[in-house]
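Below is one structure; the comments refer to it alone.
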Amino acid sequence: MRDFGCTLDLESVNCILQHAVGIGDAFVLAQVLVETQPASGQAMVFAPMVRGVDPAREASVSVLPSSIVAGEFDLSRHGLVVGTVFAEKMNLHVGDRVAVYSPEDLKKMKENRGKEGEVVRPPSDYEIRGIFDAGYFEFNASIVVTGSDGTVSYGGARIDSVAPGLFTADASGNGVAAGVVRVLHADGTVTTTPTFTCSLDGDCIATPISLGTVGDEAVVELYGTGIRGRSSLENVTCTIGGIASQVLYAGPQGQYPGKDQVNVLLPLGLAGAGLVRLELSVDGHSANTVALTIR
């Protein structure tokens with residue numbers, strides 16, 4: 001998308017969208033640092049993605065407002081809603097408060113560290129107003145949502161139509177891809193295998209993937225965000241274990257808010273490759289590298 005020289009707030013984005021064709025809505029998405037504020041014990045820290053939305057319009061573009069399982073979808077005055085997995089991991093409940101450090105906060109703190117007259121930038125204070133279950137582990141684990149009018153400051157930024165990111169099994173953005181592999185056999189049957197297995201303590205490992213036999217076709221379904229704005233399918237490329245792999249689909253997943261899907265044909269030449277790197281590029285923007293295990 002063209003850079004109109006606007007700062008990254010929803011009012012500016014909606015202004016830009018009036019000049020854009022084929023885009024229905026927009027939201028702010030960036031990584032932040034969240035620190036709990038427990039009455040006793042040690043604070044916990046995690047770096048989720050924050051999604052800044054227009055509360056009045058969100059119900060018409062996603063299922064988040066109807067997915068609240070505790071509290072309410074209240075984003076006013078620094079209200080925050082978080083996923084069930086994130087809330088459990090951080091021991092958060094409705095009414096708890098958290099400190100949120102924006103990318104701009106962290107940048108300034110790093111620049112001023114150790115300097116004479118160093119000024120400490122206080123984080124933004126947010127209240128947990130609701131807990132949602134979007135029906136998908138990665139979204140519930142790594143996305144927090146606030147109102148666009150209360151979204152932490154990001155500073156100026158170029159607005160692009162894509163910012164690809166692939167979900168991973170442990171919600172860290174690193175390691176094993178979160179997805180499934182479907183093998184269409186020559187007899188018309190389909191075998192579906194998750195790309196990962198997680199233990200009760202949260203450790204996730206890659207599930208060895210079978211590509212089938214001669215005549216079979218194996219496709220890996222990857223999940224992520226920031227992909228649907230691609231200019232064309234031809235401009236979505238993927239390599240697996242260094243082998244160029246055909247991208248069959250790249251766009252909205254269709255069930256969960258903000259979730260995109262990429263389907264990639266697995267070349268038979270990967271059979272027996274073991275642990276391999278999967279690299280995805282959308283309109284020249286590289287996503288985080290993820291891993292698969294091919295047996």
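Every number in this text was worked out from the coordinates using simple rules, so none of it is lab data. Predicted model only: the values in this text are computed from it and were never measured. All Cβ positions, glycine included, derive from the backbone under ideal geometry; neighbour counts span all protein chains shown.
Mind checking the dipole of region 165-294: about its Cα centre, +1 per Lys or Arg Cβ, -1 per Asp or Glu Cβ, Debye to the nearest 20?
Details: 5 positive and 11 negative charges, 40 e Å.
Computed about the Cα centre, the dipole is about 200 debye.
Could you compute the net charge surrounding His185? Neighbours are other residues with a C-beta less than 14 Å from the C-beta of His185; K and R count +1, D and E count -1. Intermediate results must be reported in sequence, preceding the final value.
Values: positive: Arg182; negative: Asp187, Asp216, Glu217.
My count for the surroundings of His185 gives -2.
Starting from a Cα-only point model with no solvent, please compute log10 I(q)/I(0) by Debye for region 165-294 at q = 0.09, 0.12, 0.13 1/Å.
These q points yield log10 I(q)/I(0) values of -0.24, -0.42, -0.50.
Report the one residue of Thr168, Thr213, Gly226 whose Cα lies farthest in the direction of the positive end of the charge dipole of region 165-294 (charges on C-beta: Lys and Arg +1, Asp and Glu -1; origin at the Cα centre).
Of the options given, the answer is Gly226.
What does the net charge come to around Asp203 if you take all other residues with beta carbon closer than 15 Å to its beta carbon, with K and R at +1 and D and E at -1?
Numbers: positive: Lys89; negative: Asp170, Asp201.
Value of the local net charge: -1.
Using 1/(1 + (r/R0)^6) with R0 = 35 angstrom and r between the beta carbons of Ala70 and Ala244, what's the FRET efficiency to the nearest 0.05?
For Ala70 and Ala244, the calculated efficiency is 0.15.
Given 0.36 nm per residue, what is the gain on full extension from Asp203 to Leu268 after removing their alpha carbon distance, in nm? Present the calculation step by step, with values, prior to reporting the outcome.
Working: separation 65, 0.36 × 65 = 23.40 nm, distance 2.92 nm.
Net length gain for the segment: 20.5 nm.
If you add up the charges near Leu233, with Lys and Arg at +1 and Asp and Glu at -1, over every other residue whose beta carbon is less than 15 angstrom from its beta carbon, what do you get?
On the way: positive: Arg228, Arg230; negative: Glu234, Asp260, Asp283.
The answer is -1.
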